[in-house]
Amino acid sequence: MAEKYSGTRFETVFEKKSVPETDEKAGSLVKWCRIFAEMRLSQKIGKGYSGNLSYRTKKGFIITGTAVSFEKLTKKDLVEVVSCDEKTRQVRVTGIIEPSSEAFMHSMVYNARPEVNAVFHLHDKKVVENAEKMGLPITKDLPYGSIERAKNAAKTLEGTNYIVINGEGMLATGATIEEAALLTLEKYKNAQKIRK
């Protein structure tokens, strides 16, 4: 069962408190956020919403803000993470809101996989329920937003582009936003075909 959300577990340092500069990739990310909201892969949990999507930039990566509604998300809800410091637990950003609580997980995946340019973490219940039947790699059960979870996710992703986050959701990667999105859709459809 997913742990109750209680905010980010790091200190956000705003290098610039403004909407980050974006390109057409931001529009694509917003489009996929809306699609995944319709599919109920991002849902209301407590005071916020589940899931986080990102793509690599020259400075770091653009990620959805913490607990934002994918259904209503705009470019103002995107944050550019320029660094994640494991020792100080600081995340340096450009944005007007805090980045997703899983910023460290995205950062560690990008650091470990230079060919990856998009990371999608969503709450696909059907995939989680059928992970073993589908032969999908599964992470250890670790607290959301923790350094340990981030490291374990990056390690579990070795040799694959799709994993299950134990008891909670999935993580898909791709060389492009479209690639990560299509992989997410493929596994979603495969899970729908499995009977109990």
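What follows draws every value from the coordinates through simple rules; no lab data is involved. Please read these numbers as outputs of a predicted model, since none were measured by experiment. Quick reminder, even Gly has a Cβ in these numbers, built from the backbone with ideal geometry, and neighbours come from all protein chains shown.
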Completion exercise
Per-residue Cβ contact counts at 10 Å, fewest first, order R195, R92, R40, R34 as R195, R40, R34, R92
Problem - Among beta bridges that DSSP assigns inside region 11-192, antiparallel share in %, nearest 5 - result: 80
Exercise for the section: Go ahead and set up a Gaussian network model of the chain, Cα springs under 10 Å, then flag whichever of S69, S28, S50 fluctuates most. Expected result: S28
Completion exercise
Dividing the mean separation of Cα pairs under 8 Å (6+ apart) by the residue count of the chain yields a relative contact order in percent of 22
Handout entry: FRET efficiency, 1/(1 + (r/R0)^6) with R0 22 Å, evaluated for N111 and K31 via beta carbons
Key = 0.25
Exercise for the section: Evaluate the chain: find the radius of gyration of its Cα atoms, find its Kirkwood radius, and give the ratio Rg to Rh. Expected result: 0.93
Fill in the blank from the handout: Once E158 and E15 are pulled to full extension, the length gained, defined as 0.36 nm per residue separation minus their Cα-Cα distance, is 48.3 nm
Fill in the blank from the handout: Per-residue ellipticity at 222 nm attributable to helices in the chain (runs of n ≥ 4 DSSP H, -39500 (n - 2.57) apiece, nearest 500 deg cm²/dmol) works out to -8500 deg cm²/dmol
